[in-house]
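Report on the following structure.
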């Protein structure tokens, strides 16, 4: 039972533009959702989270939006930088990861 | 502060052999988790230790996998006998509280079974 789905395996954006990464989930019974970023040959690192009682959380260039009725989560990165190029995962607090979305930010 | 470390970084073995992966969590972290990513697919949860006890091992694929955490410090994950489909990257993570937001991941062990 795949609880988290990331339907876009990859995304390419130009430096300075907005990157929007999406996640859909099936189970509503979670306290919070997280975004992790993973560089090649490294483990995932925590990026930002959002509580299930909120619909938005912002941290610098990163903003996460939660649409509970649609069971949809998104991460906005603006402006995007080449160093943001990585694979992004959106596990719930049970740490069930999706397949990830590979973001490439072109200079 | 030292992060989560994993050993070895890479392992290449033949089908049928045994491999033991080791994870040293951040000192003081009671919670230790094992995950694996097979062939670039999703990262799958394997199991969760609280100190030396297995809190949740629902993700362990079969009885060829054995995880231990004697003394509640480092943990080992043994695969015996290894099969081709066991190839992938095995990650370990630790946290102070159970499934705390900031799980700290190790760099992973890349296992290739030939």
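Of all residues in the range B:10-43, those satisfying the criterion of being surrounded by fewer than 19 Cβ atoms within 10 Å (Cβ to Cβ) and under 12 Å from the mean Cα position of the chain (by Cα) are B:20, B:22, B:24.
Taking the residues in the range A:86-103 that are part of a strand (DSSP E or B) and at pLDDT 85 or above as candidates, determine which candidate is nearest to the other protein chains (Cβ to nearest Cβ). So, considering only residues that are part of a strand (DSSP E or B) and at pLDDT 85 or above, the one nearest to the other protein chains (Cβ to nearest Cβ) is A:89.
Any residue at all in the range A:31-44 that's free of Cβ contacts under 8 Å to residues at least 24 places away in the same chain, at the interface with chain B (Cβ under 10 Å from one of its Cβ atoms), over 12 Å from the mean Cα position of the chain (by Cα) and crowded, with 17+ Cβ neighbours inside 10 Å? Yes, the conditions are met somewhere in the range A:31-44.
Only residues that are within 21 Å of residue B:45 (Cβ to Cβ) and either more than 14 Å from chain A (Cβ to nearest Cβ) or touching a helix residue (DSSP H, G or I) at 6+ places or on another chain (Cβ under 6 Å) (or both) were counted in the range B:12-28, giving 3. Being more than 13 Å from chain B (Cβ to nearest Cβ), in contact (Cβ under 8 Å) with a residue 40 or more places away in the chain and more than 11 Å from the chain's Cα centre (by Cα) is a condition met by no residue of the range A:46-61. Kindly check whether there is at least one residue in the range A:67-85 that is within 14 Å of chain B (Cβ to nearest Cβ) and surrounded by 13 or more Cβ atoms within 10 Å (Cβ to Cβ). For the range A:67-85, residues within 14 Å of chain B (Cβ to nearest Cβ) and surrounded by 13 or more Cβ atoms within 10 Å (Cβ to Cβ): absent.
The values are calculated or read from the model by the stated rules, or taken from the named source; none is laboratory data. Treat the numbers as computed from the prediction; the structure is a model and nothing was measured. Cβ coordinates were reconstructed from backbone atoms using ideal geometry, including for glycine residues, and neighbour counts include every protein chain displayed.
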